[in-house]
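Asks: First the structure, which I've put down as structure tokens, then a few questions once you've had a look.
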Amino acid sequence: MNGTEKIIKHLEMIQSNINRLSLNSFLVKGGSLVIVISSEILSVYTVFKIDAVGLILIVLPVVQFLFILGFWVLDAYFVRQERLFRHHYDAVRQQSDTDFNMYVRTHNNKPKSSWDSVIFSLTLIIFYVIEIVFILFLPAIALIVLIL
């Protein structure tokens, strides 16, 4: 196997990791949506059936918020790893020969690879802030309906 074939195989290995990490990020977002929406449906149903309105309208949004933060950090981990592998792909692409190294920590200082740039990236902020607004909006509507 010559140098070019080794580079191509190495790039394919890196690309498969990038695909897996992006799929994991997608699945984390889907899991977050499922938990938030199902708990909101359960809370609205419970508010109108049980007399524990204060518990449902105060405690549940706090628990949901903690779950959203957990999913946000987990999603940021996958996005960060994906970015590191993309930098590694770019570095391997420019080589003439490879040793099939998959160590991506050498790219930690590259642009947009730090934790804060990933956690506060536009796409993650938009997605998870919408979820946070959703968990605050529905109890507010339920409270208004109960007061009226």
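Asks: Tell me, what is the FRET efficiency for MET1 and TYR103 to the nearest 0.05, using R0 = 30 angstrom and their Cβ-Cβ distance as r?
Replies: That gives a FRET efficiency of 0.90.
Asks: Additional query: Estimate the FRET efficiency between LYS110 and VAL62 by the formula 1/(1 + (r/R0)^6), using the beta-carbon distance for r and 30 Å for R0, to the nearest 0.05.
Replies: Working from the Cβ atoms, E equals 0.20.
Asks: Per DSSP H run of n ≥ 4, the term is -39500 (n - 2.57); total these for the chain, divide by its residue number, and report the mean residue ellipticity at 222 nm rounded to 500 deg cm²/dmol.
Replies: Numbers: 4 runs with 112 residues, N = 148.
Dividing the helical sum by the residues of the chain leaves -27000 deg cm²/dmol.
Asks: Out of THR4, ILE68, GLY31, whose Cα points farthest toward the positive end of the dipole of the chain (charges: +1 Lys, Arg; -1 Asp, Glu; placed on Cβ)?
Replies: Value computed over the given set: THR4.
Asks: May I pose another question? Whole Å is fine, so just give me how far the alpha carbon centre of the range 95-111 lies from that of the range 8-41.
Replies: 23
Asks: Once you compute Rg and the Kirkwood Rh from C-alpha atoms, what is the Rg to Rh ratio for the chain?
Replies: Looking at the chain, the ratio lands at 1.21.
Asks: Given a Förster radius of 35 Å and the C-beta distance between VAL133 and ALA91 as r, what FRET efficiency does 1/(1 + (r/R0)^6) yield to the nearest 0.05?
Replies: E(calc), rounded to 0.05, equals 0.30.
Asks: Tell me, what % of the accessible area of the chain is carbon and sulfur with a 1.4 angstrom probe? Walk me through the intermediate numbers first.
Replies: On the way: 6430 of 9140 Å².
On the chain, the fraction of accessible area on carbon and sulfur atoms equals 70 percent.
Asks: Sticking with this structure for a sec: What whole-number value in Å² describes the accessible area per residue of the chain for a 1.4 Å probe?
Replies: Counting only protein heavy atoms, the per-residue value for the chain is 62 Å².
The values are calculated or read from the model by the stated rules, or taken from the named source; none is laboratory data. Quick caveat, the model's predicted, so the values are computed rather than measured. With ideal geometry, Cβ positions are generated from the backbone for all residues, glycine too; neighbour counts draw on all protein chains shown. All accessible areas refer to the heavy atoms of the entire protein, side chains included, with ligands and DNA or RNA removed. Shrake-Rupley method; radii C 1.70, N 1.55, O 1.52, S 1.80 Å.
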